[in-house]
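To start, the structure under review is shown below, and the notes come after it.
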Amino acid sequence: MDSVKFSINAPERKLYEFIHGHDDFDKVYEHLVYLNQYRKESGRDFKIYITGILTRYTEHTRDDYFKVFDGLADQIVFKDVYNQGGYMPEIDWQLKCTHDKEQTRRCNLPFDALCVTWEGYLSVENADFENMLIVADLNKVSLKEGWYGEKMKEVRRMFLDNCLEGTLCHGCVHHCQSSAAPLMPEYATENPDIFLDWPVRERIKVAGLPYTKLVYVPMAADIIHPGHINILKTAASLGRVVVGLFSDEAIRSYKPEPYMSYEERKAVVESLKYVDEVTCQETKDYSDNLRRYRPDYMVHGTDWRTGPLAEVRQSAIDLMTQWGGEVVEPDYTQGVSSTKFKQKVKQTE
């Protein structure tokens with residue numbers, strides 16, 4: 001053994017508990033002191049390092065590391081937090097350092113790093129939590145065969161050509177959240193909630209620190225009109241906007257047949273500048289998606305106070321209060337609606 005590294009992501013107890021999730025700062029400090037004593041008494045020749053992953057909440061503490069851990073480490077190294085492996089896109093809008101202006105991250109891993117999971121799978125990334133980036137099963141092929149295999153060659157070509165869409169790597173390299181499929185589905189763990197950020201928001205909220213709010217906006221969006229834009233503009237002023245786009249079946253449950261399919265409507269809504277994410281709203285009842293996303297705000301026009309969605313409105317209000325969320329109701333834009341547009345079209349046919 002030539003070195004021991006301590007990952008200490010805050011130099012004091014309160015921030016340490018906030019970042020790590022456990023109040024273990026004193027224990028870690030004691031271990032660091034003990035290791036220094038052991039090295040001195042045993043005469044062993046090894047290095048002691050400390051690494052600190054900096055966030056927007058801890059980037060001001062760099063100098064404190066050298067005061068708190070003075071004489072206890074041969075070197076202290078800092079790295080800015082980033083969406084390693086593509087699994088943590090919320091880092092870009094919740095935790096990224098204020099001085100970090102990087103738009104694209106270069107990745108060396110497919111070319112010079114061997115990442116093997118505990119199951120014996122060769123992965124592109126050492127933080128492949130759900131086995132989405134597996135390229136070979138080393139229980140069936142040799143390491144050499146996996147490293148030089150066709151799947152790894154395919155991944156390297158994707159990096160060289162910057163054609164990573166549809167993979168987790170795209171989110172990591174381009175600092176974004178996008179849909180991703182596993183490279184080898186037979187080895188991946190299905191996790192539909194992999195990109196949810198509410199646990200991070202909740203921890204920041206409990207700590208009393210500012211954060212980017214999540215805003216949920218349900219809509220059918222069969223024909224985009226000024227009313228939709230007004231709603232989305234209001235939502236964007238409150239935080240990061242997730243549109244719960246009604247499935248075709250959900251629309252049919254209380255409206256006429258949609259003109260555009262779900263995928264067509266999704267393509268349109270995703271292109272709107274006020275929208276950060278689009279998710280499927282399977283029914284006209286918003287409860288499932290609200291529980292899943294636990295938004296800070298839900299935005300809906302006042303038109304749902306009466307009619308087929310009145311009961312849904314009250315259910316949403318009651319549900320949002322369970323985690324301190326709020327329903328915001330901008331005034332309904334008079335004179336425009338998808339239903340009226342469709343009626344005009346039929347009259348002219």
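The values are calculated or read from the model by the stated rules, or taken from the named source; none is laboratory data. As the structure is a computational prediction, the values presented were derived from the model and not from experiment. Don't worry about glycine lacking a Cβ; one is built from the backbone with ideal geometry, like all the others, and counts go over all protein chains shown.
Kindly indicate whether any position in the range 76-83 is touching a Leu at 6+ places or on another chain (Cβ under 9 Å), under 22 Å from GLN177 (Cβ atoms) and surrounded by fewer than 17 Cβ atoms within 10 Å (Cβ to Cβ).
yes
Applying the selection to the range 133-169, what residues are at pLDDT 95 or above and among the aliphatic types (A, V, I, L, M)?
Of everything in the range 133-169, those that are at pLDDT 95 or above and among the aliphatic types (A, V, I, L, M) turn out to be LEU133, ILE134, VAL135, ALA136, LEU138, VAL141, LEU143, MET152, VAL155, MET158, LEU160, LEU164.
So ASP26 passes all but one of these: (1) within 27 Å of CYS97 (Cα to Cα); (2) at pLDDT below 95; (3) of a type in the set (D, E, K, R). Which condition number does it fail?
Looking at each condition in turn, ASP26 falls short on (2).
Kindly provide the set of residues from the range 237-277 that are part of a helix (DSSP H, G or I) and touching a residue at least 12 places away in the same chain (Cβ under 8 Å), ordered by number. If you could, list the steps in order and put the result at the bottom.
Residues of the range 237-277 part of a helix (DSSP H, G or I): 248-252, 262-270.
Once the filter is applied, which keeps residues that are part of a helix (DSSP H, G or I) and touching a residue at least 12 places away in the same chain (Cβ under 8 Å), the range 237-277 yields ASP248, GLU249, ALA250, ILE251, TYR262, ARG265, LYS266, VAL268, VAL269.
Being out of contact with any Lys or Arg (no Cβ under 8 Å at 6 or more places or on another chain), in contact (Cβ under 8 Å) with a residue 24 or more places away in the chain, surrounded by 15 or more Cβ atoms within 10 Å (Cβ to Cβ) and not polar (S, T, N, Q) is true for just one of GLU59, GLU12. Which residue is that? Reasoning before the result, please.
Numbers: GLU12 fails: surrounded by 15 or more Cβ atoms within 10 Å (Cβ to Cβ).
Exactly one of GLU59, GLU12 is out of contact with any Lys or Arg (no Cβ under 8 Å at 6 or more places or on another chain), in contact (Cβ under 8 Å) with a residue 24 or more places away in the chain, surrounded by 15 or more Cβ atoms within 10 Å (Cβ to Cβ) and not polar (S, T, N, Q), namely GLU59.
Kindly state which helices (runs of 4 or more DSSP H) lie completely within the range 10-95 and contain at least 3 residues that are hydrophobic (A, V, I, L, M, F, W, C) and not assigned by TED's automatic domain parsing to the domain that holds GLY239. Before the answer, list the steps.
Values: elements: 13-20, 25-42, 62-68.
Here the list reads 13-20, 25-42.
Which of the following residues is under 30 Å from PRO182 (Cα atoms), at pLDDT 95 or above and not small (Gly, Ala, Ser): GLN94, GLN37?
Details: GLN37 fails: under 30 Å from PRO182 (Cα atoms).
Criteria check complete, one pass: GLN94.
Would you mind listing the strands (runs of 3 or more DSSP E) fully within the range 119-227 where at least 1 residues are in contact with a Lys or Arg (Cβ under 7 Å, 6 or more places away or on another chain)? Give the steps one after another, and end with the answer.
Details: elements: 121-123, 134-137, 214-219.
Filter on the range 119-227 gives 134-137, 214-219.
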